[in-house]
Amino acid sequence: LALIECSADDDEIGALVDRIRAPVEQPLYLQHTSIQLLLDIGVVRVPEHANDIESAWRRTVIARDASRQRRCATFLYQPGMDEAHQRELTIIQGIVPGIEQGEMSLVYQPKMALASARIVQAEALARWNHPTLGPISPDEFIQLAERSGQIRLVTEWVVNQVCRDLAHWHTNGLSIGVAINLSADEIAQSELEATLAPLLEQCRTSEKITLEVTESALLRDPQTALQNLRALKARGARISVDDFGTGYSSLAQLKQLAPDELKIDKSFVFGLAETP
């Protein structure tokens, strides 16, 4: 951490950082091998961006991490980044308590067969009403659960809840299938089959379980994803590829997976009624 007295504008700060960078990033030669150090540099203006030591340090680290994500480009802290970072930490730290204290719930979106106007399946969608942050979008907390290595806990909770709901529905004479969304990290985990086994064992009759994966998720680690999904299909699960048409998957990959369903991405059907 370097504290430099400077009242310059952004361009002059950039020039100053370049002067710091230049000597450090000069190639070194060890036994005729060139080695080059690269600096991640985050810049925070004091007191414009921080008015105490703790916040200055925290926001410098945030700016440094942003520099690292941009492959060593100099990054000037932007107002609001710390608040976003604190929100992410709150969400990550709240995932386990949220599961244990019943803050999370499932809603079911029905799927109807248009030919018969009959509901044949329901898609399980996770919802989280945080005690201080309020409702949190699944797009936000699922991504953070993946990043923090807690996605399996969320999946196990979803599976257990779906098992309970299916049993309740069956007792009341309702026999339909359920679709569950799997993230890219989940379909690359070796434990996925064990996590889903209780649900697949329970649903050996007409209540078919569909596992939905996005096309882009399949492309992240195709070999492991195909291996896991084929094993789950052998156990009776249906495989659905979501957001189809946006992930640049090849027909050869689809042939290997042999999905039961393709869900065409919404970008293809927007304006369907008006566009020939």
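The values are calculated or read from the model by the stated rules, or taken from the named source; none is laboratory data. Computed from a predicted structure; not experimentally measured. Note that we place each Cβ from the backbone using ideal geometry, even for glycine, and neighbour counts take in every protein chain shown. To get the accessible areas, we keep the full protein, side chains included, count just its heavy atoms, and leave off ligands, DNA and RNA. Shrake-Rupley method; radii C 1.70, N 1.55, O 1.52, S 1.80 Å.
Quick one: divide the alpha-carbon radius of gyration of the range 1-128 by 2.2 N^0.38 Å and tell me what you get.
Relative to the rule-of-thumb radius for its length, the range 1-128 sits at 1.75.
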Could you tell me which GluC sites (Glu not before Pro) in the range 67-144 are loop residues by DSSP with no more than 16 other beta carbons within 10 angstrom of their beta carbon? Glu103
For Arg238, list long-range residues whose amide hydrogen, built 1.01 Å from N in the peptide plane, is under 5 Å from its own amide hydrogen. Ile209, Thr210, Leu211
Residue-averaged 222 nm ellipticity for the chain, from DSSP H runs of 4+ at -39500 (n - 2.57), nearest 500: -14000 deg cm²/dmol
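How much of the accessible area of the chain, probe 1.4 Å, is carbon plus sulfur, in whole percent? Intermediate results must be reported in sequence, preceding the final value.
Numbers: 9100 of 16810 Å².
Its accessible area is 54 percent carbon and sulfur atoms.
Using the C-alpha atoms of the range 133-190, what convex hull volume per residue, in cubic angstrom, is computed? Don't skip to the answer; put the middle values down first.
Working: hull volume 6.5 nm³, N = 58.
So the per-residue hull volume is 112 Å³.
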Viscosity 1.567 mPa s, temperature 4 °C: what is the translational diffusion coefficient of the range 115-246 from Stokes-Einstein with a Kirkwood Rh over Cα pairs, rounded to a whole number of µm²/s? 83
Given a 1.4 Å probe and the protein chains all in place, what does the accessible area of Met81 round to, in Å² to the nearest 10? 50
What distance in nm separates the two pseudo spin-label positions at Asp9 and Arg235, each 7 Å out from Cα along the beta-carbon direction? 6.2
³J(HN,Hα), Karplus 6.51/-1.76/1.60, whole Hz, each residue of the range 10-22, x for Gly, Pro: 4, 5, 6, 5, x, 5, 5, 4, 4, 5, 6, 5, 3
Hits in the range 137-161: amide N under 17 Å from the 7 Å Cα→Cβ extension of Ser105, namely 137-138, 158, 161
Rounded to whole Hz, the Karplus (6.51, -1.76, 1.60) HN-Hα couplings of the range 196-201, x for glycine and proline: 8, 3, x, 5, 5, 5
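Using a Förster distance of 41 angstrom, determine the FRET efficiency expected from the C-beta separation of Ser190 and Arg71, and round it to 0.05. Can you show the working numbers first?
Details: r = 31 Å, r/R0 = 0.75.
Result of the calculation: an efficiency of 0.85.
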Taking a cut-off of 18 Å between Cα atoms, list the aspartates and glutamates near Lys266, but don't count ones fewer than 8 places away on the same chain. Glu123, Asp139, Glu212, Glu215, Asp242, Asp243, Glu274
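Report the Stokes-Einstein translational diffusion coefficient (µm² s⁻¹, integer) for the range 11-78, Rh taken as the Kirkwood radius over Cα pairs, at 37 °C with viscosity 0.692 mPa s.
Values: Rh = 13.1 Å.
Roughly 250 µm²/s, to the nearest whole number.
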Could you grab the relative contact order for the range 52-159? Cα pairs under 8 Å, six or more apart, rounded to a whole percent. 19
If you average 1/r over every pair of different alpha-carbon atoms in the chain and take one over that average, what Kirkwood value in Å do you get? 22.6
Let me check against my output: what whole-number percent is the relative contact order of the range 1-110, with C-alpha pairs under 8 Å and at least 6 apart? 19
Listed by chain and number, the lysines with an alpha carbon less than 18 angstrom from that of Lys233, same-chain partners under 8 positions apart left out, are Lys208, Lys255, Lys263
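Between Leu254 and Asn160, how high is the FRET efficiency from 1/(1 + (r/R0)^6) when r is the Cβ-Cβ distance and R₀ = 25 Å? Nearest 0.05. Intermediate values should be presented prior to the final figure.
Working: r = 31 Å, r/R0 = 1.25.
Efficiency, rounded to the nearest 0.05: 0.20.
Please work out how much length the chain gains when fully extended from Leu89 to Ala117, using 0.36 nm per residue of separation minus the C-alpha to C-alpha distance, in nm with one decimal.
Details: separation 28, 0.36 × 28 = 10.08 nm, distance 4.48 nm.
Separation in residues times 0.36 nm, less the Cα-Cα distance, equals 5.6 nm.
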